[in-house]
Amino acid sequence: MEKENVKKGKKLMKIFLDTANRELIKSWIPTGVINGVTTNPSLLSKEDPDVKSVLKDICDIVKGDVSIEVVEKEPEKVYKQAIQISKLAKNVVVKIPFSREYLPVISQLTKEGVKINVTLIFSLVQALLVAKLGVKYISPFIGRWDDIDVDGINLIQDLVIMQENYGFESKILAASIRNVIHLQKSILIGADVATIPPTLLDKVFNHPLTLQGIDKFDADWKKLGKKNLFD
Ligand code: G3P
């Protein structure tokens, strides 16, 4: 498991996997770098239709927070479903889309100690409103801003400034990360968490210079003709 490796007062960025695929999640856990998982209805639609089993398994596989999104629409039903979701496992975080009609629901749930991740955040003021309600995570979407030709990274920057200005406890969870540049900029700006599709995380291991370097060390070692390092 990841060790605490931060100076007092500093934070270490958390990495969540943005997937509902149990096999992929299982394959990443032994690396020790995964701190949680985020799911959403689109990701669930690609998996086994026995959604409850899928989600329960993910909560068992992962030690850290697992975000599970409500699918009800009426505020009362959203509240009831949020409570139901929160009871699925200890590490569940209930994901609720940003909407005026859900603010009273979110407010009530946070008062009751339910951990909330507010998703589909596209502006600083949206983020401020839910930070005031004491949610655990705020999820600004980067890629979907880029889709309409606006640099989504600016939103992460704005949220970090807001967090520094006011000292909110809510964590900034950079979402809709589509490429390595999004990830690099989220790290440099200081997002608390980045949720990353596993296919994107794979790319980190395919750096041509790292791969070439490994081959060169191997080839040079073989020139010595030794069986073991210390023979
Ligand atoms: O965590 C939210 C994320 O899954 C959305 O990503 O690529 O559908 O915008 P995307």
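The values are calculated or read from the model by the stated rules, or taken from the named source; none is laboratory data. As the structure is a computational prediction, the values presented were derived from the model and not from experiment. Heads up, the Cβs are rebuilt from the backbone with ideal geometry, glycines too, and the neighbour counts pull from every protein chain shown. Just the protein is used for accessible areas: all its heavy atoms, side chains included, with ligands, DNA and RNA removed. Shrake-Rupley method; radii C 1.70, N 1.55, O 1.52, S 1.80 Å.
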With a 1.4 angstrom probe the carbon and sulfur portion of accessible area for the chain, in percent, totals 56
Net charge (Lys, Arg +1; Asp, Glu -1) of residues whose beta-carbon lies under 11 Å from that of Asp60, Asp60 excluded, is +4
So the angle from the long Cα axis of helix 180-189 to the longest Cα principal axis of the chain, reported in degrees to the nearest 10, equals 70
For the Ile187, Leu224 Cβ pair and Förster radius 35 Å, calculated FRET efficiency rounded to 0.05 is 0.35
The set of residues whose placed amide H lies less than 5 Å from the amide H of Lys171, leaving out same-chain residues fewer than 5 positions away, is Tyr137, Ile138
Excluding residues fewer than 8 positions from Lys63 in its own chain, the lysines with Cα under 20 Å of it are Lys3, Lys11, Lys14, Lys26, Lys52, Lys87, Lys90, Lys95, Lys115, Lys136, Lys171
From the Cα centre of segment 41-93 to that of segment 145-189, the distance in Å is 25
Cross-link reach from Lys222 to aspartates and glutamates, straight Cα distance under 20 Å and at least 8 residues apart if same chain, gives Asp231
Expressed in nanometres to one decimal, the distance between label points 7 Å along Cα→Cβ at Lys11 and Lys63 is 2.0
Of segment 55-94, those with amide N under 20 Å from the point 7 Å along the Cα→Cβ vector of Asp147 are 68-72
Only helices counted: for the chain, with every DSSP H run of 4 or more residues adding -39500 (n - 2.57) and the sum spread over all residues, [θ] at 222 nm is -12500 deg cm²/dmol
GNM of the chain, Cα pairs under 10 angstrom: of Val105, Val125, Val94, the biggest fluctuation goes to Val125
Expected max-MSF residue from Ala194, Ala20, Ala219 in the GNM of the chain (alpha carbon, under 10 Å) is Ala219
